Amino acid sequence: MSHTDPATNAPALLKVTGLQKSFGDHQVLKSIDLQIGKGQVLALIGPSGSGKTTVLRCLNGLEIPDGGEVAFSDGPAVVFAPKTTQKQAQVLRTRSAMVFQNYNLFPHMTVLENVIEGPIQVQRRKRSEAVADAEALLARVGLGQKRDQYPHQLSGGQQQRVGIVRALALKPSLLLFDEPTSALDPELVGDVLKVIKELADEGWTMVLVTHELAFAREVADEVVFMDQGVVIERGHPDVVLRAPQNERTQQFVHRLL
Ligand code: ADP
């Protein structure tokens, strides 16, 4: 696939077309189209319940969409239909890694064990390599001394930095952040945002679901506003967050800024 992302002109890494997902009678995603350029940050914003988390979970293979297509530029398109199996969605699980709102660390494992679990158990990498990688990544986010502690011994901000390291250790093409700072005390938010900003500056491709609109403006190349399972508006952060065209976007943005 040789397309470029129309919003940013970067070569497209991921193209999502017509993504649909229902839970029972509730159609949560009503044909979502997204395109993400390599090395770009897409911020996904919108009211609670608009379907943002479901988009991330579909991209990561944690939910199986009912319809639509998800294609990485260097891989086959995954085409979804009501009968798509877990196995078909598995392709996506290897391409992206998710950072969860509530960290989702394994409570009975140390920091190091949390980070090396995926590389060793899922990716079948050598333990010595996985440990060396994990140690380097932990040191990078200032947690080198915490490798043998358990999650409950860490602050929320430290736990979330472990969550980020755990995602990086999988060496994914795409990082997915689901409101990564919304469970944190305000004084701990800055440390986590700083790590995310550094990753963006390093050229990681990411989708960031966030209510931190000032941060989205600073870090995102494109902002997508969703409401009730539909993309309402998308564009440059200065436009969508400062001078949105759509009335629903205007109301949402003015409430939060
Ligand atoms: P957002 O991230 O924008 O807050 P979500 O994607 O979490 O929105 O949720 C969108 C809608 O889908 C909500 O109404 C939510 O209740 C519903 N939903 C999400 N996951 C499930 C599920 N597993 N079962 C039933 N309904 C769900």
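The values are calculated or read from the model by the stated rules, or taken from the named source; none is laboratory data. As the structure is a prediction and not an experimental result, all values here were calculated from the model. Heads up, the Cβs are rebuilt from the backbone with ideal geometry, glycines too, and the neighbour counts pull from every protein chain shown.
Is it the case that region 86-107 has a residue that's more than 29 Å from GLU202 (Cβ to Cβ), surrounded by fewer than 14 Cβ atoms within 10 Å (Cβ to Cβ), aromatic (Phe, Trp, Tyr) and modelled with pLDDT of 95 or more?
For region 86-107, residues more than 29 Å from GLU202 (Cβ to Cβ), surrounded by fewer than 14 Cβ atoms within 10 Å (Cβ to Cβ), aromatic (Phe, Trp, Tyr) and modelled with pLDDT of 95 or more: absent.
So which of GLY61, GLY68 ends up being under 23 Å from ASP227 (Cα atoms), without any contact (Cβ under 8 Å) to a residue 60 or more places away in the chain, within 16 Å of the ligand (Cβ to nearest atom) and in a strand (DSSP E or B)?
GLY68
Testing GLY18 on (1) more than 12 Å from the ligand (Cβ to nearest atom); (2) in contact (Cβ under 8 Å) with a residue 60 or more places away in the chain; (3) not charged (D, E, K, R), one condition comes back false. Which one is that?
Looking at each condition in turn, GLY18 falls short on (2).
Just to verify a result, which residue in region 214-229, among those that are within 15 Å of the chain's Cα centre (by Cα) and within 16 Å of the ligand (Cβ to nearest atom), is farthest from LYS30 (Cα to Cα)?
Residue satisfying both the conditions and the ranking: ALA216.
Name the one entry in LYS52, LYS38 that is in contact (Cβ under 8 Å) with a residue 60 or more places away in the chain, touching a Pro at 6+ places or on another chain (Cβ under 7 Å) and within 24 Å of PRO237 (Cβ to Cβ).
LYS38
Regarding GLY235, is this residue modelled with pLDDT of 95 or more, buried (at least 17 other Cβ atoms within 10 Å of the Cβ) and on the phi > 0 side of the Ramachandran plot?
Yes: the conditions hold for GLY235.
When GLY75 is evaluated against the numbered criteria (1) modelled with pLDDT of 95 or more; (2) in a loop (DSSP other than H, G, I, E, B); (3) more than 10 Å from the ligand (Cβ to nearest atom), which criterion, by number, is the only one it fails?
All conditions are met except number (1).
Tell me, which residue of region 25-58 that is of a type in the set (D, E, K, R) and near the ligand (Cβ under 8 Å from one of its atoms) is farthest from ALA220 (Cα to Cα)?
Ranking the qualifying residues of region 25-58, first place goes to ARG57.
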